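Engineer: One structure follows; several queries about it will come next.
The values are calculated or read from the model by the stated rules, or taken from the named source; none is laboratory data. Quantities reported herein were computed from a predicted structural model and do not represent experimental measurements. Please note: Cβ atoms are built from the backbone with ideal geometry, for glycine as well, and neighbour counts cover all protein chains shown. Keep in mind that these areas ignore ligands, DNA and RNA; they rest on the heavy atoms of the full protein, side chains included. Shrake-Rupley method; radii C 1.70, N 1.55, O 1.52, S 1.80 Å.
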Amino acid sequence: MKEILRLMVVLTTVSALAGFSLAYVNEKTKAPREYQDRMKLLGSLNTVLPPHDNEPDKDAVEAGGTTYYISKEDGAVNGIAFETSSDKGYSGLIRVMVGIKPGGEVIAIEIVEQKETPGLGTKIAEGWFKDQYKGKSLANARWQVKKDGGDFDQISGATISPRAVTSAVRSGLEAYEKNKQQILGGGHDVQ
Amino acid sequence: MTFSSELVRGIWKENPLFVIVLGTCPALAVSTSVENGIGMGIAATFVLLCSNIVVAAVRRFVPDSVRIAVYIVIIASFVTIVDLVMSAYFRTLYNALGIFIPLIVVNCIILGRAEAFASKNSVFLSIADAIGMGLGFTLALVMIASIREFLGNGTILGYHLLGGSYIPMLVMILPPGAFLTYGMLTAAANALNKKM
């Protein structure tokens, strides 16, 4: 009985100490982590949006469950960025930030997160791959990889990842078209 | 047993990957590029150092029957702390290593050294053991990753070393390449150790 008590005391003490130190570190690093998260978001927004004089992460509109970041110059909307994703990749979710002109034409895309096979699927994050989406819209391109009869290059040895990116961007564009009125027509601002 | 002999032991003679064969799962998974190998090696070494120090410091107070549970709590806490601190202050490194940091919890080297060494030795020697084992792990990872990245992608640390006409042996950066490289290097290391 005495032995059991001793075990309980030791385990409880160790766990409590671990809990306290984790809570402390979590609290201490909270503000810097949020700052870094915002910098990361702004970083990817700036790569896909045209030059602007507002803060797109504050001028955001929510529609159909997606947040649309709106960039403006002299008060006029010149670009919209949104995040879209696909779980059809080789492993895990592929998250893509897409920047478009108000008309629905892609300005640029940026891979926010992917866990594809290094050296194969990870090539979706390379410049030449992302660049082929530039200037494409739902109207002027067939949104499939070439192997499936579309307009986008696959990567040799890795068709699955480009296929996932292409379908993610397409579904994002479709959602934008559907909610266009709400996004551009003064939908309620979110913080 | 001196500090330096403990330190050197882990690097080659008792290399955690080639000789003790511990921590092979993360090693096979992340050795696709040299950059990943170095990052994983450094992160694991840091956690190993922290956990060895704490385990050695509390070794007299921890009853045998709950020691594994205590070690796991200590290791998991350090991994989480590393994760939080890196994401707050070293974002570039964090982005490169992101998925590997949680993997360190299940790295058998860390629990293995807590159990086999730190629980029986002083804090001082445990530090040497952690650094030696950590360096050995990093060295082995870099060796495996160099071969895989070079053959599988034609690059080392992202720099193209072979001309554009080189057709990469894709299999080397896929899981079979990991097993092939690891197996051959382990055989070579053991053959070398027998001669020495």
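Engineer: Mind checking which residues of segment B:62-82 are more than 7 Å from chain A (Cβ to nearest Cβ) and either hydroxyl-bearing (Ser, Thr, Tyr) or open to solvent by 40 Å² or more (accessible area, probe 1.4 Å) (or both)?
Structural biologist: Selection gives B:64, B:67, B:68, B:71, B:72, B:78.
Engineer: Hey, residue B:92 hits all of (1) polar (S, T, N, Q); (2) over 12 Å from the mean Cα position of the chain (by Cα); (3) more than 14 Å from chain A (Cβ to nearest Cβ); (4) closer than 30 Å to residue A:112 by Cβ but one; which does it fall short on?
Structural biologist: With (1) polar (S, T, N, Q); (2) over 12 Å from the mean Cα position of the chain (by Cα); (3) more than 14 Å from chain A (Cβ to nearest Cβ); (4) closer than 30 Å to residue A:112 by Cβ applied to residue B:92, the lone miss is (3).
Engineer: If I filter segment A:75-125 down to residues being assigned to a strand (DSSP E or B) and under 28 Å from residue B:154 (Cα atoms), which single residue comes out as farthest from the other protein chains (Cβ to nearest Cβ)?
Structural biologist: Among those that are assigned to a strand (DSSP E or B) and under 28 Å from residue B:154 (Cα atoms), it is A:109.
Engineer: In addition: Filter segment A:1-43 down to residues that are basic (Lys, Arg) and open to solvent by 70 Å² or more (accessible area, probe 1.4 Å) and give me whichever is nearest to residue A:112 (Cα to Cα).
Structural biologist: Result: A:40.
Engineer: Got a sec? Which of A:141, A:158 is of a type in the set (A, V, I, L, M, F, W, C), in contact with an Asp or Glu (Cβ under 6 Å, 6 or more places away or on another chain) and modelled with pLDDT under 90?
Structural biologist: Answer to the selection: A:141.
Engineer: Still on this structure, please answer the following. How many residues does segment A:70-95 hold that are touching a Phe, Trp or Tyr at 6+ places or on another chain (Cβ under 7 Å) and of a type outside the set (Gly, Ala, Ser)?
Structural biologist: The total comes to 2.
Engineer: So, residue A:13, is that one touching a helix residue (DSSP H, G or I) at 6+ places or on another chain (Cβ under 8 Å), within 14 Å of chain B (Cβ to nearest Cβ), in a helix (DSSP H, G or I) and among the polar types (S, T, N, Q) or not?
Structural biologist: For residue A:13, the condition - touching a helix residue (DSSP H, G or I) at 6+ places or on another chain (Cβ under 8 Å), within 14 Å of chain B (Cβ to nearest Cβ), in a helix (DSSP H, G or I) and among the polar types (S, T, N, Q) - is not met.
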